[in-house]
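First comes the structure, then the notes that go with it.
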Amino acid sequence: MRKIGIVGSGPMAIYLLKYLAASDEALAISIFEASSCAGTGMPYDPSLNGDYMLCNAFSREIPAPVRPLVDWLMDRPKRELGEWELSAHDLTARAFYPRVLIGEYLHSQFEDLCDNARETGHVIKVLTECRVVDIEAANDGKANVQYQSGQSVRSLQFDAVVIASGHSWPDVPQINEVNLVSPWPYTNITGLEQNDIGVLGSSLSAIDIVIALGHARGRFEESGSRISWVPNDGENRLRITMVSKMGIMPEGDFYYPFPYEPLVCLTQEAIDAEITKGCDGLLDRVFTLLCNELDAADPDYLGRLPETARTVEGFAPAYFSHRREVGGLRAVKRDLAESRETMRRKETIAHRYALLRGHEAFDHILRELPEADYQRFLDHLMPAFADCYAAVPHLSVARITALHDAGVLELVATEKGAEFLQTDDGGIKIDTEDGTLRFDVMVDARGQSPASLTELPFPTLVNDLRNPSEPVSKPFALDLLHAKTGRIYCLALPQILQRHPFSQGLMECSKQARHVADDILGISRD
């Protein structure tokens, strides 16, 4: 019986277990989890996240480890749903749910997967409070995992090991050697006593932080579709400023068909045809396909933007130009009203749908691009794609605008090349388009950053890498100096992001996990 070791037990590990357990070959699978509870994952862990933080994937987009989320929710007792302020009427495939609730779902699914796998002949061991400290490639076709359990360090041997350790955050993040507050756990945020708070970033992580501060210092009151914020402190001394490069936020979620409808120009066949022509000029050729797709979806869209919109370098500035002109949170309020109306009418915003789907097409070419063109993509196109697929649940946007209406929240853009400076009194100063601003404290909301394989916390494994600076790529097997070692795979999110920038989210976890499971099981899907 082959032995498989999985480091981590979050979503990536859960989907990996699903695909491995589907094999007719009986496997012995050991899952290492550093915390006391397996099968949740950092973004969904109740000890790290508030129950008001929403997942921005609607329920039907979440791949089912065993049962679809809505089916699982419908079997919950009314009392349990009531604790989440939900009723059977609220349970739809298009709804957004709190991340902590998704964590309960994933944990339940993980336990069901383990039970089902055991019933079909697999041997499943879940080792909680066992932190992996090193991984060693052995010459006998095996791989050794060293893990700390209590005060002792132990070792187990496997035929294959998969690193599925999820997110990685520094305890004290920095920018320009200035210390920031880590957003994890969320009690770092809710425990802040300062009143003048900066938030570095304006996307999903920043939105969660701002809403956490709103809950900590006051309450959100709902009246129909309108939400207002009332401070606990009648003096309302709280001031929050989101600071980002462009001073804009992602738009609210919008209606689009799911399962997806086929594209017209950015098809798999068209992408494959461009790849066969070679990597020189590949980025620009596929960008032309994107422009053609936008023209087909909304013939007037690009014409409403500056002429530079039809160039790789000019697309993102043109895409963001209208929101920049309207201004930060005023644009957010305007766009929320439009998104709500199109959702009510079930009307797709054509150019947003084309861009949402377009990132999938570009993902097919990113590993083919020369380094210079890959950097061009990150610098000039990635911001627009990231903005589009980071669509925000309407409830979260409404809470943000409520804080703005209460005079608590602003959103500003930094000056080009702005530096962050520590002030003599312990505050933080930054140059913005609104002038130099000072904050008592600043929270890091930049999200997960890519990291190289050299930053994996397994020193022996890093020393065994043939080329530590080489990004990991599908099927995510590491290239090791020892040719006869057991296979070791890396699905750790920071390392995957180095060359797979669209890898965040549960749908991507499922896809990446299947690549690894297929390679372990010798399954070809070409």
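The values are calculated or read from the model by the stated rules, or taken from the named source; none is laboratory data. Quick caveat: nothing in here was measured; it's all calculated off a predicted structure. Calculation scope for accessible area: heavy atoms of the full protein, side chains included, ligands and nucleic acids excluded. Shrake-Rupley method; radii C 1.70, N 1.55, O 1.52, S 1.80 Å.
The Stokes-Einstein estimate for the stretch 320-363, based on a Kirkwood radius over Cα pairs and taken at 20 °C with 1.002 mPa s viscosity, is a diffusion coefficient of 180 µm²/s. The accessible area of V441, taken with all protein chains in place and a 1.4 Å probe, comes to roughly 20 Å². Backbone geometry of the stretch 150-160 corresponds, through the Karplus equation with coefficients 6.51, -1.76 and 1.60 at θ = phi - 60°, to 3J(HN,Hα) couplings of x, 8, 10, 10, 10, 9, 10, 10, 9, 7, 8 Hz, x marking Gly and Pro. Taking amide H as placed 1.01 Å from N in the peptide plane, V161 has its amide H under 5 Å from the amide H of G5, R487, I488, Y489, each at least 5 places away in sequence or on another chain. Close amide-amide hydrogen proximity is noted between D134 and Q146, each under 5 Å apart and 5 or more residues distant or on a separate chain (H modeled in the peptide plane; Pro and chain starts excluded).
Can you give me the relative contact order of the chain as a percent, contacts being Cα pairs under 8 Å and 6 or more apart? It comes to 21 percent, rounded to a whole number.
Within the stretch 326-457, the proportion of C-alpha pairs whose separation exceeds 25 Å stands at 49%. The tail of the calculated P(r) for the stretch 19-73, taken as Cα-Cα distances beyond 19 Å, holds 50 percent of the pairs. Compute the helix-to-body angle for 312-326: its Cα long axis versus the longest principal axis of the chain, expressed 0 to 90° and rounded to tens. Relative to the chain, helix 312-326 is tipped by roughly 40 degrees.
Annotation: amide H-H contacts under 5 Å for T432 (H modelled 1.01 Å from N, sequence separation of 5 or more, or interchain): E415, L437. With q set to 0.17, 0.20, 0.21, 0.23 Å⁻¹, the log10 of I(q)/I(0) for the stretch 399-463, from the Debye formula over equal scatterers at the Cα positions, is -0.81, -0.94, -0.98, -1.07. Over all distinct Cα-Cα pairs of the stretch 258-391, the Kirkwood formula returns a hydrodynamic radius of 15.7 Å. For the stretch 15-26, putting each phi into the Karplus relation 6.51 cos²θ - 1.76 cosθ + 1.60 with θ = phi - 60° gives couplings of 5, 4, 4, 4, 6, 5, 5, 6, 6, 6, 6, 5 Hz, in residue order, rounded to whole numbers and with x for Gly and Pro.
Could you give the alpha-carbon Rg of the stretch 450-526 over 2.2 N^0.38 Å, rounded to two decimals? Here the answer is 1.09, to two decimals. Taking every DSSP beta bridge that has both ends in the chain, the antiparallel portion is near 50%. For the chain, the Kirkwood hydrodynamic radius from C-alpha pairs, put into Stokes-Einstein at 37 °C and a viscosity of 0.692 mPa s, yields a diffusion coefficient of 133 µm² per second. For the stretch 6-161, the direction-averaged projected area of the alpha-carbon convex hull comes to 10.5 nm². Computed from backbone phi with θ = phi - 60° and the Karplus coefficients 6.51, -1.76 and 1.60, the 3J(HN,Hα) list for the stretch 40-48 is 10, x, 4, x, 10, 7, x, 7, 10 Hz; x is used for glycine and proline. The long axis of helix 350-363 is offset from the longest Cα principal axis of the chain by roughly 30 degrees. For the stretch 356-406, the share of alpha carbon pairs falling in successive 5 Å distance bins from zero is 4, 18, 20, 17, 11, 9, 9, 8, 4, 1 percent. In the stretch 250-304, inverting the average of 1/r over every pair of distinct C-alpha atoms gives 12.9 Å as the Kirkwood radius.
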